[in-house]
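Student: Here it is, the structure, as structure tokens.
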Amino acid sequence: MGKILVIGSSNTDLIATVKSFPAAGETIVGTTFFQTMGGKGANQAVAAHRLGGDVKFNTCLGRDANGRNAFKYYSKEGLDVSSSLIVDDIPSGTAIILVDEKGENCIVVNPGANEKLTSEYIYEVEKDIANADMVVLQMEIPYDSVKAVCDIASKYKKKIILNVAPARKVEIDLLKKVDVLIVNETEAEVLTEEKIEDIGEEAIINKLLKKGVQNVILTLGNKGCLFKNGNDLLKIPAFRVNAVDTTAAGDTFCGALAAELSREKDWEEILKFATAASAICVTRMGAQPSIPMEREIQEFLKKNDELHIK
């Protein structure tokens with residue numbers, strides 16, 4: 001099994017459920033509120049760890065109550081955060097999340113200490129990248145840090161999985177270093193400056209492949225995902241589930257994919273496993289509380305494979 005290094009954000013999520021999202025200037029009454037752990041980097045690290053991966057997570061936390069709680073939580077989870085950075089001058093990251101009756105969410109992220117995960121720090125932990133087999137990245141840390149990780153990983157010929165979330169433009173030189181690019185429809189459109197409704201899903205993936213990425217996965221929400229590389233084209237449909245909260249569904253997909261890829265499974269198995277993980281995730285509230293364990297995925301696949309949309 002390959003070693004997985006996740007480098008990315010850690011947040012404390014403040015979640016309120018509402019009947020519908022408020023309009024500008026409107027005050028509404030929420031139905032429930034709770035606090036839990038989140039952040040794209042942390043979500044993906046916890047997902048890969050729970051789903052059987054050999055994972056190390058490098059992040060940055062403030063020396064505040066949220067940061068101390070997060071560090072204890074990761075340690076209790078059994079996740080290796082031994083190289084993570086703790087800073088004094090800025091609070092830990094937070095996210096304010098509203099979830100409506102349909103399970104859709106809107107999120108405001110306050111990066112906090114995640115902004116201190118600088119390229120200088122990345123070069124200080126170069127040995128962690130050298131010792132890993134694959135590196136998983138997102139876009140909730142400074143862009144220069146993402147570039148530094150990709151430069152180092154490329155130097156050591158390590159597999160790079162990049163999830164361009166939140167959406168932003170990425171230089172072609174960086175994309176050429178990426179082995180697996182994971183994007184949703186919005187992120188694909190930002191990267192290519194094209195609209196899927198104009199050119200189609202496969203065409204937008206082709207544009208990303210032409211930028212030098214080896215493998216592209218376009219996630220399509222309740223329609224599943226589309227995978228393409230130089231040889232294969234796979235459409236993996238979604239599982240039918242009752243969605244209550246889509247928070248961390250994409251991150252769970254990414255973490256599950258990394259875990260299964262580290263076991264050297266074929267792409268169809270990898271994508272079906274990741275799709276099942278995200279399906280379970282959306283049936284539960286919260287980010288990390290909704291991430292399943294490996295045995296749950298196996299049980300889910302046994303029970304639901306015949307219900308898989310064909």
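The values are calculated or read from the model by the stated rules, or taken from the named source; none is laboratory data. Quick caveat: nothing in here was measured; it's all calculated off a predicted structure. Note that each Cβ is placed from the backbone with ideal geometry, even for glycine, and that neighbours are counted across all protein chains shown.
Student: Look at Lys102 and say whether it is among the basic types (Lys, Arg) and either modelled with pLDDT of 95 or more or under 21 Å from the mean Cα position of the chain (by Cα) (or both).
Tutor: It is false that Lys102 is among the basic types (Lys, Arg) and either modelled with pLDDT of 95 or more or under 21 Å from the mean Cα position of the chain (by Cα) (or both).
Student: Say we look at segment 250-285 and pick out the residues that are surrounded by fewer than 23 Cβ atoms within 10 Å (Cβ to Cβ) and among the acidic types (Asp, Glu); which of these is farthest from Thr186 (Cα to Cα)?
Tutor: Glu264
Per-residue answers, yes or no, for (1) acidic (Asp, Glu); (2) in contact with a His (Cβ under 8 Å, 6 or more places away or on another chain); (3) within 19 Å of Ile160 (Cβ to Cβ); (4) touching a residue at least 24 places away in the same chain (Cβ under 8 Å):
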residue	(1), (2), (3), (4)
Ser9	no, no, yes, yes
Asp13	yes, no, no, yes
Met37	no, no, no, yes
Gly52	no, no, no, yes
Arg63	no, no, no, yes
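Student: State all residues of segment 145-170 that are part of a helix (DSSP H, G or I) and either under 23 Å from Gly39 (Cβ atoms) or among the basic types (Lys, Arg) (or both); if no residue qualifies, say none.
Tutor: Residues satisfying the conditions are Ser145, Val146, Lys147, Ala148, Val149, Cys150, Ile152, Ala153, Lys155.
Student: Pairs needed: first member in segment 286-301, within 12 Å of Ala256 (Cα to Cα) and of a type in the set (Ser, Thr, Tyr); second member anywhere, at pLDDT 95 or above and assigned to a helix (DSSP H, G or I); C-beta distance under 7 Å; at least 6 residues apart or different chains.
Tutor: Close Cβ pairs (under 7 Å, with a partner that is at pLDDT 95 or above and assigned to a helix (DSSP H, G or I)) do not exist here.
Student: Suppose the filter is modelled with pLDDT of 95 or more, more than 12 Å from Ile182 (Cβ to Cβ) and surrounded by fewer than 20 Cβ atoms within 10 Å (Cβ to Cβ); does Gln298 pass it?
Tutor: no
Student: Within segment 19-34, count every residue that is closer than 22 Å to Pro166 by Cβ and not aromatic (Phe, Trp, Tyr).
Tutor: Final tally of qualifying residues: 2.
Student: State whether the residues of segment 205-214 include one that is in contact with a Gly (Cβ under 9 Å, 6 or more places away or on another chain) and either free of Cβ contacts under 8 Å to residues at least 12 places away in the same chain or acidic (Asp, Glu) (or both).
Tutor: no
Student: Which of the following residues is of a type in the set (Ser, Thr, Tyr) and crowded, with 22+ Cβ neighbours inside 10 Å: Thr192, Thr219?
Tutor: Result of the check over Thr192, Thr219: Thr219.
Student: Sticking with this one: Among what's in segment 138-161 and is closer than 17 Å to Gly2 by Cα, out of contact with any Asp or Glu (no Cβ under 8 Å at 6 or more places or on another chain) and touching a residue at least 24 places away in the same chain (Cβ under 8 Å), pick the residue that is surrounded by the most Cβ atoms within 10 Å (Cβ to Cβ).
Tutor: Ala153
Student: Look through segment 65-84, keep the residues that are aliphatic (A, V, I, L, M) and touching a residue at least 12 places away in the same chain (Cβ under 8 Å), and return whichever of them is surrounded by the most Cβ atoms within 10 Å (Cβ to Cβ).
Tutor: Across segment 65-84, the extreme among qualifying residues is Ala70.
Student: Further question on the same structure: Going by the structure shown, is Asp173 more than 28 Å from Asp13 (Cβ to Cβ), among the acidic types (Asp, Glu), out of contact with any strand residue (DSSP E or B) (no Cβ under 6 Å at 6 or more places or on another chain) and not in a loop (DSSP other than H, G, I, E, B)?
Tutor: yes
Each row is one residue, and each column tells you yes or no for (1) aliphatic (A, V, I, L, M); (2) touching a Pro at 6+ places or on another chain (Cβ under 8 Å); (3) under 28 Å from Val18 (Cβ atoms).
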residue	(1), (2), (3)
Thr118	no, yes, no
Glu124	no, no, no
Pro142	no, no, no
Lys147	no, no, no
Leu174	yes, no, no
Thr186	no, no, yes
Val190	yes, no, yes
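Student: Name every residue in segment 1-47 that is assigned to a loop (DSSP other than H, G, I, E, B) and either among the polar types (S, T, N, Q) or crowded, with 16+ Cβ neighbours inside 10 Å (or both), in order of residue number.
Tutor: Across segment 1-47, the qualifying residues are Gly2, Gly8, Ser9, Ser10, Val18, Ser20, Thr27, Thr31, Gly39.
Student: Which condition does Asp89 not pass, out of (1) among the acidic types (Asp, Glu); (2) surrounded by fewer than 17 Cβ atoms within 10 Å (Cβ to Cβ); (3) in contact with a Lys or Arg (Cβ under 7 Å, 6 or more places away or on another chain), if it passes all the others?
Tutor: The single condition Asp89 does not satisfy is (3).
Student: Being buried (at least 17 other Cβ atoms within 10 Å of the Cβ) and under 18 Å from the mean Cα position of the chain (by Cα) is the filter here, so list the residues in segment 222-237 that pass it.
Tutor: Gly224, Cys225, Leu226, Phe227 - these are the residues of segment 222-237 that are buried (at least 17 other Cβ atoms within 10 Å of the Cβ) and under 18 Å from the mean Cα position of the chain (by Cα).
Student: Which ranges mark the helices (runs of 4 or more DSSP H) fully within segment 206-310 that have 2 or more residues being closer than 25 Å to Ile196 by Cβ?
Tutor: Answer list for segment 206-310: 249-262, 267-281.
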